[in-house]
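The values are calculated or read from the model by the stated rules, or taken from the named source; none is laboratory data. Please read these numbers as outputs of a predicted model, since none were measured by experiment. All Cβ positions, even for glycine, are placed from backbone atoms using ideal geometry, and neighbour counts span all protein chains on display.
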Amino acid sequence: MSSGQNPNIVTMEKGFDLIDAAVIKLKRILEGKPEPDFVPGEYIGNYTTVYNMCIQKPPHDWSQQLYEKYGSIFKDYATHTVLPSIMEKHDEYMLRELSRRWDINKIMVRWLSRFFFYLDRYFTVRRSFPSLTQVGMTSFRDHVYNNVHFNVKQVIIALIHKEREGQQIDRALLKNVLDIFVENGIGSMKRYEDDFEDFFLQESASYYSRRSSRWIQEDSCPEVAHYLHSDTEPKLVDIMQTHLLVLVAKQLLEKENSGCSALLRDDKTDDLSRMYRLYHAIPKGLEPVAEAFRLHVTAEGNALIKQAEDAATSGSVEEQVLVRKIIDLHDKYMVYVMDCFQNHTLFHKALKEAFEVFCNKKVAGSSSAELLATFCDNLFRKAGNDKSNDDSTIEATIDSVVKLLDYISDKDLFAEFYRKKQARRLLFGKFNDDHERSILTKLKGQFGGQFTSKMEGMVTDMQLAKDHQTGFEEYINGKPKVVDFTVTVLTTGFWPSYKTSDLNLPVEMVNCIESFKAYYAIKTNHRRLMWIYSLGTCNLNGRFDSKPIELIVSTYQAAVLCAFNNTERLTYQELLEQVNLNHEDLVRVLHSLSCAKYKFLNKQPASKTISKTDSFEFNSKFTDKMRRIKVPLPPVDDRKKVVEDVDKDRRYAIDASLVRIMKSRKVLPHQQLVSECVEQLSRMFKPDIKMIKKRIEDLITRDYLERDTENPNTFKYVA
Amino acid sequence: MRRSSAASKKKSDSVTTDLFRSGSSKEMDRIDHLFNQYANTSSNLIDPEGVEQLCSNLEVSHTDIRILMLAWKMKAEKQGYFTQEEWRRGLKALRADTINKLKKALPELEKEVRRQTNFADFYAYAFRYCLTEEKQKSIDIETICQLLDIVMGSTFRAQVDYFVEYLKIQNDYKVINMDQWMGFYRFCNEISFPDMTEYNPELAWPLVLDSFVEWISEKQA
């Protein structure tokens, strides 16, 4: 204990011996070997040794040497003990050893830095050297971590792979080991990232690439393991999505058996829902799915149209079938949008765009507007007869029709066709007031009051007509007898325009007309009645030789037949003068009475067509097993005329719109004017750009607009 | 200064008479004298017959553009007729008081009219000049074709030929209005022909030109 010098001086050798002993003891404790713990006295003693060695006056101040000693303790331990013990193990065992050694190191650092504490108080501070703790940690990193991390990383990745394949692994261990990576970054994530994460992500990328084709079978997003550092998770999810979904998106969507189109084709709604959920997570991931959806629906719609075209015989389309199929298609895919695709706007939009494409196609020369109007017409006509079509079915169909109309751009064309057919229904068929009003209410709700005002007026007229009829019947009660007579008064603006004619009525009918005129003049003020004989029907008693038969004919036909009440025989010319119809109408009428199914008149010569030199005779020999015969006069429902009328209205609408816009804007460049005009009119129809240009030119000629002299592409409003 | 101001009220257009008199009155006399050589004595106008005579003396055809230019210079209002006032205006501006001087002035006049700054005005004038009726706003295709040939034939031969051909075979337009007329002028000046690469039908070109361009493209295809 004492030397030749001052007995209280601790020599380096002595001090080191004491320290070495303490270190050995510590190592044994940490390695789990049987060794009693440090008692407080020993603890203080060790501390004091170091203390004394530091405060001794030169040449006996051993701070520097102590510091170096401290460092070499760790270095030796790491190099000779720790590292070999890790390296000699494999796989999980290696990880465990590493984890164990790491924990030991931490404790060792704690203890030894307590012993050597005095160095940290003055020496390391003054010299700006790394602290004792830092030395201890750095030592582990430099001598252990740096040498093992590569292999450790391999093991970890292998384990994760095992887990991906479905095997159980020790997650806690993995977490501990990865924490080591983190902590060996000593303040930065760099070691973790460089030594583990980068490799891991790379490996994951190739893993998911390989697995991408099987993703659909797997029901859930592979869980992101908890043992990874939280920073890694978003990066991993990103990789997964990129490889599973984005990079192969196109193929996935188009894939023959499992791609989006196939799923749609095979109605695999569950798979579609799954697809939605996965792609929903990626930014812009849903766009290709919505696109595939749109293409699919468009293709199906187009196929229906083509089917209808092919099936159309002699130019007439089976619109009942086609419209029904389109309605069903819409319902089906709307369910998809709401369920599989969670009501997402992208998919609503895709559905809308798809329908807008094929719903505006012409089928065998008929526009979709016309077909839809015809569909409604037949729906309401049949409703009277077919009891299987109950009210709620009709209502549902009406709802579907209104939805479909939304996709059709030529709405005004539909309105016009519908109006014409409605007129026929109201005047000639049995109509159901409830149904008529129901569809109009729904159309009004969707497209505004202006769209339906005329049609509503027509339906109201029918009600008013009933009231008038009651009034009229009261009026003639007691007056000299006239033939039974029903009048329907139509308000001109609401109804389609009908030709009037100066028909010469048989005298019996003239009386009816006159008495109604008188009645009406009493009931109303300043109203002019215009008689549309072309729409009337007449019940005539035909006194044929074998038996009388009641004939239900149009007024025109009645006028012609009644001409024969006074004369047996009349030539075409005579008839023309007497009845006062135009040639076209007279020919039609005579044809229906002498050349068609029922020959009430005999024609000379008995050819198939009417010529101006023919003469006619009452056919008293006519008979039929029926007592009542309805003689149809084929209507002259002119598709061309409807289209012409709509075109005319459109021209006015465009004019009005252009003037409105220019009045408020005063000065506007051409393209903007056109686009604003299209926008304004889009609710009713899609204006033809050429037509707009023509209207602009017309307005220039009429001095509503002028071209700007400086800039010929701009127009100015002329006040 | 104008001693003879109030006194001379010989003719109906007496106000301007004074101005003219105040200049070289001898020149004006000669101009008037020339006028009387062609004018119809009862109407005091040079009528189409007189114009024909004038043209023959000037040795130009009456469909020559230079007569139109002369009318422009005179600011003549009615096609085929020159009033005395218009005559005076034109010849004074041209400094021509004899038929020979007038003849010699024509080339210079042409040069003046063809200047970019004047030609657009002349072009528009040519259209208005052909409007014979009170409220007329458009000119029939036949006349337009002739007019195009006269006015633009020498400078834009190809465009005129094609456009005239198109106008004759198409059915959409029976007449051409001022806006369309001016549109054609802009077309000739702004669009290279016959490739017409700069033409954009989405701009505010008159529709007739859109159809014209379409027709040519189809022909070329």
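Data table
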{"read-out": "Enumeration of residues in the range A:297-331 that are over 13 Å from residue A:372 (Cβ atoms) and part of a loop (DSSP other than H, G, I, E, B)", "value": "A:312, A:314, A:315, A:318"}
{"read-out": "Residue A:642 being buried (at least 18 other Cβ atoms within 10 Å of the Cβ), over 25 Å from residue B:138 (Cα atoms) and more than 12 Å from chain B (Cβ to nearest Cβ)", "value": "yes"}
{"read-out": "Matching residues in the range B:55-68 - criterion: being in contact (Cβ under 8 Å) with a residue 24 or more places away in the chain and part of a helix (DSSP H, G or I)", "value": "B:57, B:58, B:65, B:66, B:68"}
{"read-out": "Set B:132, B:143: member being under 14 Å from the mean Cα position of the chain (by Cα), within 30 Å of residue B:58 (Cα to Cα) and not in a helix (DSSP H, G or I)", "value": "B:132"}
{"read-out": "Hey, residue B:219 away from every other protein chain (no Cβ under 14 Å), at pLDDT 90 or above and loosely packed, with under 12 Cβ neighbours inside 10 Å or not", "value": "no"}
{"read-out": "Residue B:205, sole failed condition from (1) part of a loop (DSSP other than H, G, I, E, B); (2) at the interface with another protein chain (Cβ under 9 Å from one of its Cβ atoms); (3) within 22 Å of residue B:137 (Cα to Cα); (4) free of Cβ contacts under 8 Å to residues at least 12 places away in the same chain", "value": "(4)"}
{"read-out": "Those residues of the range A:649-699 which are within 13 Å of chain B (Cβ to nearest Cβ) and polar (S, T, N, Q), in sequence order", "value": "A:671, A:672, A:675"}
{"read-out": "Exclusive hit being within 41 Å of the chain's Cα centre (by Cα), more than 24 Å from residue A:411 (Cβ to Cβ), in contact (Cβ under 8 Å) with a residue 12 or more places away in the chain and surrounded by 16 or more Cβ atoms within 10 Å (Cβ to Cβ), set A:699, A:705", "value": "A:699"}
{"read-out": "For residue B:173: the one exception among (1) crowded, with 19+ Cβ neighbours inside 10 Å; (2) more than 8 Å from chain A (Cβ to nearest Cβ); (3) in a loop (DSSP other than H, G, I, E, B)", "value": "(1)"}
{"read-out": "Unmet requirement for residue A:451, which otherwise passes all of (1) touching a Gly at 6+ places or on another chain (Cβ under 9 Å); (2) surrounded by 14 or more Cβ atoms within 10 Å (Cβ to Cβ); (3) not aliphatic (A, V, I, L, M)", "value": "(1)"}
{"read-out": "Residue selected from the range A:501-552 under the condition aromatic (Phe, Trp, Tyr) and closer than 24 Å to residue A:593 by Cβ, by the criterion surrounded by the most Cβ atoms within 10 Å (Cβ to Cβ)", "value": "A:533"}
{"read-out": "Residue match in the range A:461-471 (condition: in contact (Cβ under 8 Å) with a residue 12 or more places away in the chain and of a type in the set (Asp, Glu))", "value": "yes"}
{"read-out": "Identity of the residue in the range A:375-393, under 27 Å from the mean Cα position of the chain (by Cα) and either under 16 Å from residue A:331 (Cβ atoms) or assigned to a loop (DSSP other than H, G, I, E, B) (or both), that ends up modelled with the highest pLDDT", "value": "A:375"}
{"read-out": "Residue list for the range B:161-170, filter: surrounded by 15 or more Cβ atoms within 10 Å (Cβ to Cβ) and in contact (Cβ under 8 Å) with a residue 24 or more places away in the chain", "value": "B:162, B:163, B:166, B:167"}
{"read-out": "Filter result for residue A:357 (surrounded by fewer than 19 Cβ atoms within 10 Å (Cβ to Cβ) and modelled with pLDDT of 90 or more)", "value": "yes"}
{"read-out": "Residues (touching a Ser or Thr at 6+ places or on another chain (Cβ under 6 Å) and either over 17 Å from residue A:558 (Cα atoms) or without any contact (Cβ under 8 Å) to a residue 24 or more places away in the chain (or both)) located in the range A:591-622", "value": "A:603, A:604, A:615"}
{"read-out": "Any hit, the range B:134-150, residues being crowded, with 16+ Cβ neighbours inside 10 Å and within 14 Å of chain A (Cβ to nearest Cβ)", "value": "yes"}
{"read-out": "Qualifying positions in the range A:538-552 - out of contact with any helix residue (DSSP H, G or I) (no Cβ under 7 Å at 6 or more places or on another chain) and within 27 Å of residue A:425 (Cα to Cα)", "value": "A:539, A:541, A:549, A:550, A:551, A:552"}
{"read-out": "Per-region count, the range A:67-91, residues surrounded by 17 or more Cβ atoms within 10 Å (Cβ to Cβ), of a type in the set (Val, Ile, Thr) and over 14 Å from residue A:31 (Cβ atoms)", "value": "1"}
{"read-out": "Any hit, the range A:469-478, residues being β-branched (Val, Ile, Thr), at pLDDT 90 or above and touching a helix residue (DSSP H, G or I) at 6+ places or on another chain (Cβ under 8 Å)", "value": "no"}
{"read-out": "Tally, over the range A:706-719, of residues that are assigned to a strand (DSSP E or B) and more than 10 Å from every other protein chain (Cβ to nearest Cβ)", "value": "2"}
{"read-out": "Residue count for the range B:176-202, restricted to those that are under 24 Å from the mean Cα position of the chain (by Cα), more than 9 Å from every other protein chain (Cβ to nearest Cβ) and in contact (Cβ under 8 Å) with a residue 24 or more places away in the chain", "value": "6"}
{"read-out": "Residue match in the range B:155-166 (condition: among the hydrophobic types (A, V, I, L, M, F, W, C), away from chain A (no Cβ under 14 Å) and in contact with a Gly (Cβ under 7 Å, 6 or more places away or on another chain))", "value": "yes"}
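Residue-wise test of (1) within 30 Å of residue A:69 (Cβ to Cβ); (2) touching a residue at least 12 places away in the same chain (Cβ under 8 Å); (3) polar (S, T, N, Q).
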| position | (1), (2), (3) |
| --- | --- |
| A:130 | yes, no, no |
| A:139 | yes, yes, yes |
| A:169 | no, no, no |
| A:180 | yes, yes, no |
